[in-house]
Amino acid sequence: MLKRVAITVVSVMFVGVGIAWLNRIDLMLALIKYKSEAEYVVGPNRVIVWEPGPPVPVEATADRPPNIILILADDLGINDISTFGGGVAGGRVQTPHIDQLAAQGAVFDQAYAGNATCAPSRAMIMTGRYPTRTGFEFTPTPAGMGPMISMVSRSLSNGLPPGRFNEVANDAALPYELQGLPGDEITVAEVLRDKGYHTAHIGKWHLGRTKGSTPNDQGFDESLLMASGLYLPEDDPNVVNARLDFDPIDQFLWARLNYAASYNNGGDDRFQPGGYLTDYWTDESINVIKANRNRPFFLYLAHWGAHTPLQATREDYDAVGDIKPHRLRVYAAMIRALDRSVGRIMATLEEQGLAENTLLMFSSDNGGAGYVGLPEINAPYRGWKLTNFEGGLRVPMLVKWPARISAGTVVKVPVAHIDMMPTMAAAAHADSPQGVPIDGLNLLPLATGDGAETWSRETLYWQSGYYRAVRHGAWKLQVSDSPAKSWLYNLAEDPSERRNLADSEPERLAELTILLDKHQVSARAPLYPFVAELPVAIDKTLADTFKEGDEYIYWPN
């Protein structure tokens, strides 16, 4: 009898272990969700009382510096907006307000992100400096993200080579919250604040959560922070969700994120936002503009859209029409909300009599992501976020300042995120930080035509660990150690990078390789090591099956 009981118990144990193993991913994701919900208490929405400016305008002078607004999208594909002849779903969803911004100012039609992932790009926008100087080279990821993505990837193999996760490096790394931009880096917010601007940040930050690296510590008088990453609660009656079962990152985000904001270094004091994130942040941005209409202000509106998780309001989802597949329709609705935000900001400036002397800049942190499974978002360029191909690096850069920049201006010169900080500083008549080398250049001579003939730069650089790129004139070189390969293109003749000339142009290959090596000679070591290497197909989305012969890279992060 005892023997039969023992056998039964052991059998049940083995069955239980087997079931747990088969469902290990769901169990791990459930554990992540439980820990996330228990980590912070999220209170009800609260009214933000923005610091008011003076009741009457600061005395106007002929050289009064402009108000400055920077609107930054997240993972926006160059073909997601209709400015360049595209638009989501084959152009069915247009972006009229972003198009209006472009038409009323300057379009930089060869604009580049600082990096093919978000945080390093944001650091370069804020400082005007390459990661070779700041050391801020990789995008910090929350605890558990690396191993969870690695586990999910192995279970969802679409033919791509396996990802790599370095547990030793991960265990030795600083916690996510401590991986910030060092406090001794001088940001554009500090430069403008010292020039008398009121500085406000709204939205995503991703440059550190602890003292010294928060928005308030980096020059912003006020900050309404994206404390987590749901646009609305998953079960909100007004939300339409699109889960991406083929994407490990998406699965982690749905488990890890909640619906929360914080204000002015109140990271532990979280509360629910007041609506769909894109609209809520726009509402609060309008409140900032109105509160500061009588003094110079700098507003950094860092949108989360169109980053995953894909969530749209039901109103936007219905408005874009019957688009298939479902994820594309939700994505299109998110772009509609982003475009509406830009339109509302411009309308507010007009209503408040501020449009003429406001420098308004619009860009994205990097190109569209292949892991959303939408093949046209970066057309006509190859590659995605997490690659140094044009699809991962090409971004819109639109600059409107009616007092100085003529409508309909088009600039053909290659520019990049590192140029945004010195441009904003120059517009404010602010001096560059003493003793701090700035890699970017002031874009205003190009945008206004005043001194454009003296503007001179031939070379731009990108790097993420062993995967590096350089553009010199019309030529662009990418090099990687994994796979060990070089890609050389003449962008003047081949802007979509279809013909690799690394074998047929050895002298040009050597020239650009020397430039890459020189860029590294005095480089600062990364502040935080990369702990994962993510395989990315260059010409296929993550929803597609990778086949032998398809090109891919590993992205160190």
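The values are calculated or read from the model by the stated rules, or taken from the named source; none is laboratory data. Bear in mind the structure is a predicted one, so any value in this text is a computation, not a measurement. We place every Cβ from the backbone using ideal geometry, glycine too, and count neighbours over all the protein chains shown. Heavy atoms of the whole protein, side chains included, go into the accessibility calculation; ligands, DNA and RNA do not. Shrake-Rupley method; radii C 1.70, N 1.55, O 1.52, S 1.80 Å.
When segment 28-48 is filtered for residues that are farther than 17 Å from G267 by Cα, open to solvent by 50 Å² or more (accessible area, probe 1.4 Å) and not basic (K, R), the ones remaining, listed by number, are M28, A30, L31, Y34.
The single condition from (1) in a helix (DSSP H, G or I); (2) more than 19 Å from the chain's Cα centre (by Cα) that I249 fails is (2).
Name the one entry in R340, R327 that is of a type outside the set (A, V, I, L, M, F, W, C) and touching a Gly at 6+ places or on another chain (Cβ under 7 Å).
On the way: R340 fails: touching a Gly at 6+ places or on another chain (Cβ under 7 Å).
Answer to the selection: R327.
Taking the condition surrounded by fewer than 20 Cβ atoms within 10 Å (Cβ to Cβ), not in a loop (DSSP other than H, G, I, E, B) and not acidic (D, E), does R293 pass? So R293 does not fit the description; no. Of the residues making up segment 71-85, those that are assigned to a loop (DSSP other than H, G, I, E, B), hydrophobic (A, V, I, L, M, F, W, C) and open to solvent by 10 Å² or more (accessible area, probe 1.4 Å) number 1.
When you look at D268, is it closer than 24 Å to E234 by Cβ and open to solvent by less than 10 Å² (accessible area, probe 1.4 Å), yes or no? Step through it out loud before you land on a result.
Values: closer than 24 Å to E234 by Cβ: yes; open to solvent by less than 10 Å² (accessible area, probe 1.4 Å): no.
Judged against the criteria, D268 is not a match.
Any chance you could count how many residues in segment 49-70 are open to solvent by 90 Å² or more (accessible area, probe 1.4 Å) and not small (G, A, S)? Spell out how you get there, then give the answer.
Taking segment 49-70 first, the residues open to solvent by 90 Å² or more (accessible area, probe 1.4 Å) are 49, 52, 55-56, 59, 62-63.
From what is left, the residues that are not small (G, A, S) are 49, 52, 55-56, 59, 63.
Residues flagged as open to solvent by 90 Å² or more (accessible area, probe 1.4 Å) and not small (G, A, S) within segment 49-70 amount to 6.
Just one residue in the set G275, G267 is out of contact with any Cys (no Cβ under 6 Å at 6 or more places or on another chain), under 24 Å from R122 (Cα atoms) and in a loop (DSSP other than H, G, I, E, B); that residue is G267.
Considering segment 86-168, the qualifying helices (runs of 4 or more DSSP H), each wholly inside and each with 1 or more residues that are surrounded by 20 or more Cβ atoms within 10 Å (Cβ to Cβ) and among the small types (G, A, S), run over 96-103, 118-127, 145-155.
If the condition is being over 26 Å from G391 (Cβ atoms) and not in a loop (DSSP other than H, G, I, E, B), then segment 519-546 contributes only V521.
Going by what's in this entry, would A510 be described as open to solvent by less than 40 Å² (accessible area, probe 1.4 Å), over 26 Å from the mean Cα position of the chain (by Cα) and farther than 16 Å from L460 by Cβ? No. The set of residues in segment 415-438 that are over 23 Å from H198 (Cα atoms) and surrounded by 21 or more Cβ atoms within 10 Å (Cβ to Cβ) comprises V415, A416.
Considering every residue within segment 493-507, establish whether at least one is out of contact with any Leu (no Cβ under 8 Å at 6 or more places or on another chain), at pLDDT 95 or above, surrounded by fewer than 18 Cβ atoms within 10 Å (Cβ to Cβ) and part of a helix (DSSP H, G or I). Outline the logic, then answer.
Step one: of segment 493-507, the residues out of contact with any Leu (no Cβ under 8 Å at 6 or more places or on another chain) are 493-496, 498-499, 503-504, 506-507.
Checking which are at pLDDT 95 or above leaves us with 493-496, 498-499, 503-504, 506-507.
Subset that is surrounded by fewer than 18 Cβ atoms within 10 Å (Cβ to Cβ): 493-496, 498-499, 503-504, 506-507.
Narrowing further to those that are part of a helix (DSSP H, G or I): 506-507.
Yes, because at least one residue in segment 493-507 is out of contact with any Leu (no Cβ under 8 Å at 6 or more places or on another chain), at pLDDT 95 or above, surrounded by fewer than 18 Cβ atoms within 10 Å (Cβ to Cβ) and part of a helix (DSSP H, G or I).
Scanning segment 327-367 for residues that are of a type in the set (S, T, N, Q) and within 18 Å of the chain's Cα centre (by Cα) turns up S341, S363, S364, N366. Here T348 qualifies as touching a residue at least 24 places away in the same chain (Cβ under 8 Å) and not in a loop (DSSP other than H, G, I, E, B).
Within segment 368-476, which helices (runs of 4 or more DSSP H) (wholly inside it) include 1 or more residues that are in contact (Cβ under 8 Å) with a residue 24 or more places away in the chain and over 25 Å from the mean Cα position of the chain (by Cα)? If you could, list the steps in order and put the result at the bottom.
Working: elements: 390-393, 420-427, 444-448.
So the answer is 444-448.
Select from segment 516-554 the residues that are of a type in the set (G, A, S), more than 24 Å from the chain's Cα centre (by Cα) and either under 23 Å from P162 (Cα atoms) or surrounded by 18 or more Cβ atoms within 10 Å (Cβ to Cβ) (or both) and list them in ascending order. Matches in segment 516-554: G549 only.
When D236 is tested against the conditions (1) closer than 21 Å to S341 by Cβ; (2) open to solvent by 20 Å² or more (accessible area, probe 1.4 Å); (3) in contact (Cβ under 8 Å) with a residue 40 or more places away in the chain; (4) assigned to a loop (DSSP other than H, G, I, E, B), the lone failure is (3). The residues listed here are A261, A306; of these, the one that is touching a residue at least 12 places away in the same chain (Cβ under 8 Å), within 30 Å of D194 (Cα to Cα), under 23 Å from the mean Cα position of the chain (by Cα) and open to solvent by less than 20 Å² (accessible area, probe 1.4 Å) is A261. Cβ separations smaller than 6 Å between residues 6+ apart or across chains give the following pairs from segment 167-191 residues that are of a type in the set (S, T, N, Q) to residues that are part of a loop (DSSP other than H, G, I, E, B): N170/V531; Q179/P140; Q179/Y528; T187/Q218; T187/G219.
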